[in-house]
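The values are calculated or read from the model by the stated rules, or taken from the named source; none is laboratory data. Just so it is clear, the structure is predicted and the values come from calculations on it, not from any experiment. Here the Cβ positions follow ideal geometry from the backbone for every residue, glycine too, while neighbour counts run over all protein chains shown. Heavy atoms of the whole protein, side chains included, go into the accessibility calculation; ligands, DNA and RNA do not. Shrake-Rupley method; radii C 1.70, N 1.55, O 1.52, S 1.80 Å.
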Amino acid sequence: VESGDEAGQAYHAKRVALFTEQLVESNPILTEISDSMTGEGRALLELEEATASNKADKNAAEEATTAAAAFSARKENANKALQECSAKYNHLMKALREDHTAVTEASKA
């Protein structure tokens, strides 16, 4: 950005603000995905342990299966929320670029 280019400076400041907002909004979603993946992995390990021995524990296997399915559903919901968040900020960034282009072209005319 050139010195004295107030429109360019404002544009880039808005871009940084949008990126910051996106990071703040997506962070808890990413944490939910990570936590769900960890929980799902642990539940699958418990399922494997419950069914691997000669003394297969049917109750433990059912509980682990239910837990894995629940964590998988949470992960899927969080992935959808992350896609929505990404789409939201893609739209906002596109609108910002288009506005900046229009202002830049108008100032050249």
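Which whole-number percentage describes the relative contact order of the chain, with Cα contacts under 8 Å and a sequence gap of 6 or more? It rounds to 35 percent for the chain.
For the pair segment 67-109 / segment 11-55, the C-alpha centres are spaced 19 Å from each other.
So what is the relative contact order for segment 13-70, in percent, with contacts set as C-alpha pairs under 8 Å and at least six apart? Please list the in-between numbers first.
On the way: 31 pairs, mean separation 18.0, N = 58.
Worked out over segment 13-70, it gives 31 percent.
Once the 1.4 Å probe is applied to the protein heavy atoms, the chain comes out at 72 Å² accessible per residue.
Other residues with beta-carbon under 13 Å from the beta-carbon of Ala61 carry, at +1 per Lys or Arg and -1 per Asp or Glu, a net charge of -4. Estimated purely from DSSP H runs of n ≥ 4, each contributing -39500 (n - 2.57), the mean residue ellipticity at 222 nm for the chain is -33500 deg cm²/dmol once divided by its residues.
Given a Förster distance of 41 angstrom, what is the FRET efficiency for Asp99 paired with Asp35, based on the Cβ-Cβ distance and rounded to 0.05? Present the calculation step by step, with values, prior to reporting the outcome.
Details: r = 38 Å, r/R0 = 0.92.
Computed FRET efficiency for Asp99 and Asp35: 0.60.
So, with a 1.4 angstrom probe, what is the percent of accessible area on the chain that is carbon and sulfur?
Details: 4230 of 7890 Å².
The value for the chain is 54 percent carbon and sulfur by accessible area.
Per residue, the Cα convex hull of segment 1-91 amounts to 80 Å³. Computed extension length for Ser53-Ala13: 8.4 nm, one decimal, from 0.36 nm per residue of separation with the Cα-Cα distance subtracted.
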